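What follows is a short report on a single structure.
The values are calculated or read from the model by the stated rules, or taken from the named source; none is laboratory data. Computed from a predicted model, the values in this text were never measured in an experiment. Don't worry about glycine lacking a Cβ; one is built from the backbone with ideal geometry, like all the others, and counts go over all protein chains shown. When the accessible area is computed, the model is the full protein with side chains, heavy atoms only, and any ligands, DNA or RNA have been set aside. Shrake-Rupley method; radii C 1.70, N 1.55, O 1.52, S 1.80 Å.
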Amino acid sequence: MKRIAFLFVGLGLSSTLILAQNQSTSTGPKTAGLNKNESFEEFRNRVHSNYNQFRQTILDHYADFLNGEWHEYESLNGLKRDDTPKPEEAPHVDLPYVQEFPSKPSIPEKEPEPIPEVKPKEEPIAEAKPEVKPEPKPEVKPEPKPEVKPEPKPEVKPEPKPEVKPEPKPEVKPESKSEPIPEVKPKEEPVAESKPEPKPEIKPESKPEPKPTTPSAPSTPKVPSTPSTPSTPSTPKAPSAPTKPTTPSTPTLPSRPSIPSVGKNNFNFAFYDIPMEIMDIDFNISNSLASPTDFSNQWKNLEADKVGEKLLPSIQKKIKEIGLNDYLTYKYLESYVNGKFPKADLSSRMALVHYLLVHLGYDARIAVTTKGTPLLLIPFKQTVYGKSYLSLQNQRYYIFPPEGKDVSTIFSEKVMTCQLPSDVDKGNTFDLVVGELNIPVKPKKFDLEYGPLHLTGEMNENLIPILYKYPQMPIEDYAKSNLQPELRADLVKQVKEQLGGMEGDQGVEALLHFTQNAFQYATDDNYHGFEKPYFVEETLFYPKNDCEDRAIFYTYFVHNALGRDAQLVSFPGHEAATVTLKNPQGGVAYPYKGKTYYISDPTYIGASTGMVMPSYLNVTPEIDYTY
């Protein structure tokens, strides 16, 4: 880091620092304790008032900070959750399996890497993938055999006339290698007891229409639910191999329209193409900002017009109404600003977003590259993977360029931002966990069936554009998020009604095999072009997914519907799950806080709980999340 000489501290900065320091300590404003004749409510209100006064002091002088010293920083490459390539195809159980127990593992909870470890992570580039690909090969090659599982189809011979001839052979009932049926005793190597029937239902995906772009997700309901065995029984486990050629950027997000104001007191704009309306406030911003002094002057003008005071109450009300979290609040403000000032320079618009975020109490920073591209720097409570950042005062500030600007272009440039005093309250960090979003519903039906479990319903397709480029956070935060509580509650009810009454661990096995077979497999790189873990709602939308998506889906329902303790665990290049059993029959397991957890892998096709992919038999997994 080096200082930039193009600007010196403004005349008001010294007095500002003194004023801020006199009213604060390293932790904030000085506040007296509870007075003798003061109620707790009065004390709370006084503390809140003192904090607001302290915070206002910072806001009043923020323009001076902007007009002060700006420092130059090197942007650091985003961290990667795991550099090990994922299997190109979902492994199948097709060889004799030997149950083994790994040496006593001491499984540490996963925690974000310390900042110093970040620099080395610049090394992991996509180039490493080809080196490790050999791992999955052994497991994938044998898969062709299980795919002949459409054996159950011999009974449907009449329909596919041309296929009638080949089918006689599959009628040989050596179905021992087919996926286990929930009805089979849990641990007895789930040999499909005539469960083949459901498979064809999943295959109706013969409509390779879903492969294209996700927005059209018509193919989502992979299981047309029509039990009438379709004519393409040869597509059992729908290996992702043929589907990989699909266009990477699945959902094509349309440009957000700038909706004109309607009515004297309302302003309308689009938030991910969803119409939004708030009180119309008349104010202006600069045409463009070319220097720190320009950023400072725009801030002063906004303060003089009392924009924060007039506009924020309406914005806060709408944010609460919709249920936006911290990150989506930023995206909401960005949409508002782009709709309000579509012709203004990117620098002016980005500075306005920064102004509004700071007034909402967030620690956001405005920055520019050496070539003048404006950036927003945001600190999160979570580690954000795959996104470049700056390290400022022992905090990672992730770089967000203007909408539509390719962040990769800034890697060759240095980033400059103003220096804030270390002892002032900079505001709150952003949280990525998502709760219920009250947005208009665009129903998208799904119909998934395998074995004794059949799930149907409608998810809100309007969520897809919002989540498509959502920052990649730790797996546990996907598990903690719940975007459609009512939908999930209904699905939990369906699982309970269909599997809850099964004896012992049969319900667990049925849910496991459902998750293994109700979806097609495809890695994120092949399907989307980038790493993208799914929220449960997204798994109901996209016809294809990979290991972490299945693990998140499976553990949610095995815990909430079947009442089992479960965990999300990670192996190199692979996410799996663990679950507690009532009548364990052996298998790979480990003790954790007084309970025994058995590996239960939703991506290892045909495996029952306790079975681990051969390549991970001697690997101790890391725990990502415990329900």
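The table for this structure:
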quantity	calculated
Solvent-accessible surface ranking, highest first, for Met502, Met416 at 1.4 angstrom	Met502, Met416
Tensor-based shape of region 284-440 (alpha-carbon gyration tensor, a/c under 1.5 rounded, otherwise prolate or oblate)	rounded
Region 467-545: equivalent-ellipsoid semi-axes (sqrt of 5 x gyration tensor eigenvalues, Cα, Å)	26, 16, 11
Rounded if a/c under 1.5, otherwise prolate or oblate - region 373-445, Cα gyration tensor axes	oblate
Using θ = phi - 60° and Karplus 6.51 cos²θ - 1.76 cosθ + 1.60, couplings along region 457-471 (whole Hz; Gly, Pro as x)	x, 9, 9, 8, 5, 5, 6, 4, x, 5, 8, 4, 9, 5, x
Extended-chain gain in nm, criterion 0.36 nm per residue less alpha-carbon gap, Ala304 and Glu321	3.2 nm
Peptides 542-551, 273-282 ordered by average Cβ neighbours within 10 Å, highest first	542-551, 273-282
Region 558-627, Rg to Rh (Cα coordinates; Rh as Kirkwood inverse mean 1/r)	0.92
3J(HN,Hα) from dihedral phi, region 83-89, Karplus parametrisation 6.51/-1.76/1.60, rounded to Hz, x for glycine, proline	8, 6, x, 7, x, 5, 9
